[in-house]
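The values are calculated or read from the model by the stated rules, or taken from the named source; none is laboratory data. Bear in mind the structure is a predicted one, so any value in this text is a computation, not a measurement. Cβ sites come from the backbone with ideal geometry, for glycine too, and all protein chains shown count toward neighbours.
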Amino acid sequence: MYAKLAALVPTKSPDIGAAMKSLMQDPDLRNRAAEVQALAKKIVPDIARLGHEEAAARSTAFDERAYLAGASAFLSGELKSRVAVFEADARDIEDPKGRATMAVPWRPAIFVE
């Protein structure tokens, strides 16, 4: 969904209504309209602040979880701590501060002990 929004939203003039209308053409997204709208309200303003090149780069699918998991060994070494990468909606994770609820695409939630 993020990639679709990045392709739809022109930088500097966000139009959440037009973006939602386009997204609702997808039956899978239409079934989750309330969730899609809440996420769009969070990320459309962020996308609108991007430069044209960055918005274009974000308009293609990107597996953030795989990227962060691949960097976990490096991060662990740099931070001298254990690093674990989870999906934001994963069950039974250690998240005492509720950071996972704040995660959005291209802006991961990070909890550090």
Query raised in the report: Before we move on, is Val104 of a type outside the set (Phe, Trp, Tyr), surrounded by 12 or more Cβ atoms within 10 Å (Cβ to Cβ), in contact with a Lys or Arg (Cβ under 6 Å, 6 or more places away or on another chain) and within 22 Å of Gly17 (Cβ to Cβ)?
Result: yes
Report summary line: Of (1) at pLDDT 90 or above; (2) surrounded by fewer than 14 Cβ atoms within 10 Å (Cβ to Cβ), Ala56 fails just (1)
Report task. Find the helices (runs of 4 or more DSSP H) located wholly in segment 23-113 whose residues include 1 or more that are free of Cβ contacts under 8 Å to residues at least 60 places away in the same chain, over 22 Å from Tyr2 (Cα atoms) and assigned by TED's automatic domain parsing to the domain that holds Ala6, and list them. Result -> none
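Limited to segment 60-93, what total is found for residues that are surrounded by 10 or more Cβ atoms within 10 Å (Cβ to Cβ), out of contact with any Leu (no Cβ under 9 Å at 6 or more places or on another chain), aliphatic (A, V, I, L, M) and under 17 Å from Val104 (Cα atoms)?
Counting residues in segment 60-93 that are surrounded by 10 or more Cβ atoms within 10 Å (Cβ to Cβ), out of contact with any Leu (no Cβ under 9 Å at 6 or more places or on another chain), aliphatic (A, V, I, L, M) and under 17 Å from Val104 (Cα atoms) gives 4.
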**Report entry** Lone unmet requirement of (1) surrounded by 13 or more Cβ atoms within 10 Å (Cβ to Cβ); (2) closer than 18 Å to Val104 by Cα for Ala34
**Finding:** (1)
Query - Condition broken by Gly98, with the remaining ones in (1) more than 30 Å from Glu113 (Cα to Cα); (2) among the small types (Gly, Ala, Ser); (3) exposed (fewer than 11 other Cβ atoms within 10 Å of the Cβ) satisfied - result: (1)
